[in-house]
Amino acid sequence: MSEHLPVLLVVVPLLAAPVAALVPHPRVAWAITVGAAGWALYAATGLLGRVMEEGVIRYELGGWSPPLGIEYRVDAVNAWVILIVATIGAITALYALRSVERELERDRIPLFYAAFILCMTGLLGIAVTGDVFNVFVFLEISSLSAYGLIAMGQDRRALTSSYQYLIMGSVGATFIVIGIGLMYGMTGTLNMMDLAERLPAVMDTRTIPVAFAFLTVGFSLKLALFPLHLWLPNAYTFAPSTVTAFIASTATKVAVYMMLRFFFTVFGAAFAFDVMNVDMILLPLSLVAIFSMSLVAIYQDNAKRLLAYSSVAQIGYMVLGISFATVMGLTAGIIHLFNHALMKAVLFMALGAVFYRVGSVELEAMRGLGKRMPWTMGAFVAGGLSLIGVPLTVGFISKWYLITGALEKGWWPVAVLVLITSLMAVIYVWKVIEVAYFHEFPGSEDDDGALEAPLALLIPTWALVFVNVYFGVDASLTSRIAGDAARILLGEGAP
Amino acid sequence: MNFLVGHYNYEVVILLMMVGFYILISRGNLVKKLLGLSLFQTSVFIMYISLGKVAGGTAPILMGGHGGDDHAAEDAGGHAVGGADQAAEVLGNAAAEVAQAAGQTAEAAGHASGAGEVLYSNPLPHVLILTAIVVGIATTAVGLSLVIRIKESYGTIEEDEIHDMDESL
């Protein structure tokens, strides 16, 4: 069976989704979701283990050999992304049970879980496939289910933000199809490896740079690169807590992966960076994103929206790493994919627990929560420290690699800016902490007692806090994989 | 002039794309925005379809003989007649792949051309775009159902009015 892992990774959740939609009882649907996500995690660790031992896994779908058939191709880069999606998927699935019961009407819950599984399937599919059109199909599976998930938020603004995301996301996806179509027109193939072989012969035409431009804009929309991030803050703010935790930690990461894959594997770093000079666009945009979005985050009054803007800034760090186009820069970007997924999931899950008890994540409503929900806010503080980049957390590892990468290139102003924006992260994380720990709870007459969130929410959150600290103390595994992935992408001595 | 006429399919695509995109950006009505999005997506469908079309080509259905030899010959036929057309270049590549799959080299297939050659269009972009059409329909359906729910909870589908209602909260 293990030889079929690449396809089973996608097929099992894909089949689980309609089952979850059809079962009448919410908890049965939840059990199916946990099963599907657990399976994905099992398959993901299996794939990563095999990739680290044996190198690239190639799987021919239905026995049709590429480039005619669709090929699933797993190397260190996408095994890593698959693991991120599966890990966050499994933990948020566990977390979902109580949170979703609190936030959604009962008859919608099975449909919610079906959309949740589909979204995860789509993201896993994008990561596992080696066929560019397949990327588009999975992208739309994940996006369409994400629109549905976001629209299930309680506030009616969830509807408009989902609509906004749908419009911008569809434009982005259509741009990607245009790019793929132009590449296909010039080469007659859709297989990534085959494209990489055939593209150099037609690089001089006008069509391929146009295709590259369409793809770049499409990916930038999907990964919310400034200034194409406008869909993100509202979508994250008004989506149900579980959805925010899941999508914030996976959807944009997978979009970053798509960008990496197309730039480095399909087009090749030489074309993307020397001919098209894409770093001249990515570098300033990511710097503006990091700086301006950190600044905007400071002025937010809603904790979820604050973290959403911080997400746009953090995506800037990843794109910044990509724009270096060096092993160190890419390692920083790839390791931050994982690390940011971990810290943002913790933060949004902690806020979900706050919402579970308080019914709001406005800063105003969070006063005095440090005493009333010590474990929840403790997790938030841990995630916040990681976001800032304090040593012994994963955030520190990311910043370390990023700054080393910048200094290696001799771009010390970039390194300085990264440090300054880390200080800005201190400010916006402190805003929440100050309200929670140093402001008195206003209405203390009836319930000054403990308000701690149920264990069903706390255990998954703290499990992730533990992972945050573990990989912050011992980053040898994560940095080895990220380093391998960076070398594969740059084509330097793939292990 | 020949260039303009010879690429009229792309001109239609670009025109439709721009019209759709303009509607998407300029209109405040949520349903009209979706219409623009649909138009925008449709232009891409046409791009793919015209990419695979070979002038005078028929549907890719096996005519006459059976077996690998005839199959490859037909492919080579499509390759030979298509000539300078860009779409045929694509077809040529696809034909080479099919020939490979049939256990023959492209050169061997070239020699076999002559007997029972049928010119046909490249089916692959058409198949791809069937998928994309389904995706487009799903997107429009999700979008319209969102619009219905927005109408239910806001009482309007004009973007600026919705914006005002959200601001006044």
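Computed from the coordinates by the stated procedures, all read-outs in this text should not be read as laboratory data. Since the model is a prediction, treat every value here as computed from it, not as a measurement. Backbone-built Cβ (ideal geometry, glycine too); neighbour counts: all protein chains shown.
The table for this structure:
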{"quantity": "B:S153-A:E54 pseudo-label distance in nm [points 7 Å out on the Cα-to-Cβ vector]", "calculated": "4.9 nm"}
{"quantity": "Relative exposure of A:R305, A:R27, judged by other C-beta atoms within 10 Å (fewest first)", "calculated": "A:R27, A:R305"}
{"quantity": "Rh (Kirkwood; distinct C-alpha pairs) - the stretch A:1-277, Å", "calculated": "19.0 Å"}
{"quantity": "Shielding of A:156-169 by partner chains, average beta-carbon count, 10 Å", "calculated": "6"}
{"quantity": "The stretch A:278-495 pair-distance distribution - Cα-Cα, 10 Å bins, rounded %", "calculated": "9, 33, 32, 17, 7, 2, 0"}
{"quantity": "Helix-derived mean residue ellipticity, 222 nm - over chain A, DSSP H n ≥ 4, -39500 (n - 2.57), to 500", "calculated": "-25500 deg cm²/dmol"}
{"quantity": "Normalised contact order of the stretch A:278-495, rounded percent, pairs of Cα under 8 Å and 6 or more residues apart", "calculated": "28 percent"}
{"quantity": "Ranking of A:V74, A:V266 by count of other Cβ atoms within 10 Å, fewest first", "calculated": "A:V266, A:V74"}
{"quantity": "Qualifying lysines (Cα of each under 28 Å from Cα of B:K32; at least 8 residues distant if same chain)", "calculated": "A:K222, B:K151"}
{"quantity": "Peptide A:170-183, shielding by other chains (average Cβ, 10 Å cutoff)", "calculated": "5"}
{"quantity": "Solvent-free Debye scattering, log10 I(q)/I(0), computed from the Cα coordinates of chain A at q = 0.07, 0.11 Å⁻¹", "calculated": "-0.33, -0.85"}
{"quantity": "Binned Cα-Cα distances of the stretch A:91-242, short to long, each 5 Å bin given as a whole percent", "calculated": "2, 10, 16, 19, 17, 13, 9, 7, 5, 3, 1, 0"}
{"quantity": "Dipole of the stretch A:278-495 [Lys/Arg +1, Asp/Glu -1 at C-beta], most positive-end residue of A:P391, A:T404, A:H336", "calculated": "A:T404"}
{"quantity": "Residues A:E434 and B:A141, FRET efficiency given R0 of 30 Å [Cβ-Cβ distance, rounded to 0.05]", "calculated": "0.05"}
